[in-house]
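First up is the structure itself, then whatever we jot down about it.
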């Protein structure tokens, strides 16, 4: 299985994703430049964290018009797996591949910390090796991760099981205290209707080895491999 | 003809504005009484060539919809005016808006 990690000007988690996939997961991976328009040969595209185009105007707003994003939309429409992490999630929202938008954290602070995440759907490409209701520890690092969508979109996400991860207490309860940014319904990660496009604010690539404090993030990538029949 | 578009982008009324709340409490702590609400937005000036003011306005409206504002959380308004020189090429007088 071959992963592609997209590099936008201002991406800064690209090398961490590359390392996690190649050195920890042991899968094939290549970098995709933001001007590339050919994604043939890739099975899963990762939009990494960072500050693409300086986050000018709005996070992800300019990156979504990068040439590669047309290719990513086509890739997604054909069923290819796409994972947006942090800034990558923001780009997916701006591009309309996922619903909603990000607001400034309600605290107005940049939040860099480990959070607890409850798995809400364990039958998607990026969660299939998890169990519904279990709690993962994965770090966040963002200033604009306050997920917003209107009431009907939120209801649809819940109804269709498209909330993948929810900020929670260690026991899995979603509380205001466990919500690091003010996100609606404590939402930390969602997917599209087909499940092949997912976005999450926490950084799984930063928690792929126990020495880093948690290896829970590796299961996001392992799930993608297992989903495509790689048997990770 | 050169036109100037002055675009204002703000969060929708239904969307919480944490920056606005912080500015409001800053003003309150400075002693400004009676500030009911503060909303923080963005202001953009776009200088563009277009055959008519109407065409300039229609392009700016499209820019707002496609990039400058995110319709999920923001709304926008703008005004368009002729920039600098008059039709006969006369430069603007000092102090002219």
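Antiparallel as a % of all DSSP beta bridges within the protein assembly as shown, to the nearest 5?
Of all bridge pairs located within the protein assembly as shown, approximately 70 percent are antiparallel.
In nm, to one decimal, how far is the residue A:209 label point from the residue A:122 one, both placed 7 Å along Cα→Cβ?
Placing both labels 7 Å beyond Cα along the Cβ direction yields 2.8 nm.
Order these by the 10 Å Cβ neighbour count, fewest first: B:60, A:21.
Fewest-to-most ranking of B:60, A:21: B:60, A:21.
To the nearest whole number, what is the average tally of beta carbon atoms from other chains within 10 Å of the beta carbons of peptide B:16-24?
That works out to 3 on average.
In whole Å, how far is the Cα centre of the range A:74-135 from that of the range B:11-78?
27
Within a 10 angstrom radius of the beta carbon, how do B:81, A:156 rank from fewest other beta carbons to most?
Numbers: B:81 11, A:156 14.
Neighbour counts put them in this order, fewest first: B:81, A:156.
Counting alpha carbon pairs within less than 8 Å and at least 6 residues apart, what relative contact order, in whole percent, applies to chain A?
Values: 561 pairs, mean separation 46.5, N = 232.
Worked out over chain A, it gives 20 percent.
What value, in deg cm²/dmol to 500, does the helix sum -39500 (n - 2.57) over DSSP H runs of n ≥ 4 give at 222 nm once divided by the residues of chain A?
-5500 deg cm²/dmol
How would chain A be classified by its alpha-carbon gyration tensor: rounded, prolate or oblate, with rounded meaning a/c under 1.5 and the a/b versus b/c comparison settling the rest?
Rounded is the answer for chain A, as its axis ratio a/c remains below 1.5.
Could I have the simple spin-label model distance between residue B:67 and residue A:134, label points 7 Å from Cα toward Cβ, reported in nm to one decimal?
Label-label distance for residue B:67 and residue A:134, simple model: 4.5 nm.
Going by how many other Cβ atoms sit within 10 Å of their own, how do A:130, B:63, A:113 line up, fewest first?
A:113, B:63, A:130
Quick one: helix B:53-63 against the long Cα principal axis of chain B, what's the angle to the nearest 10°, folded into 0 to 90?
It is inclined by approximately 40 degrees.
Based on DSSP H runs of at least 4 residues, each adding -39500 (n - 2.57), what is the mean residue ellipticity at 222 nm of chain B after dividing by all its residues, to the nearest 500 deg cm²/dmol?
So the calculated ellipticity at 222 nm is -7500 deg cm²/dmol.
No lab work stands behind these numbers, since they all come straight from the coordinates. A quick note: this is a predicted structure, and the numbers were derived from the prediction, not measured. No Cβ is skipped: glycine too gets one built from the backbone with ideal geometry, and neighbour counts run over all protein chains shown.
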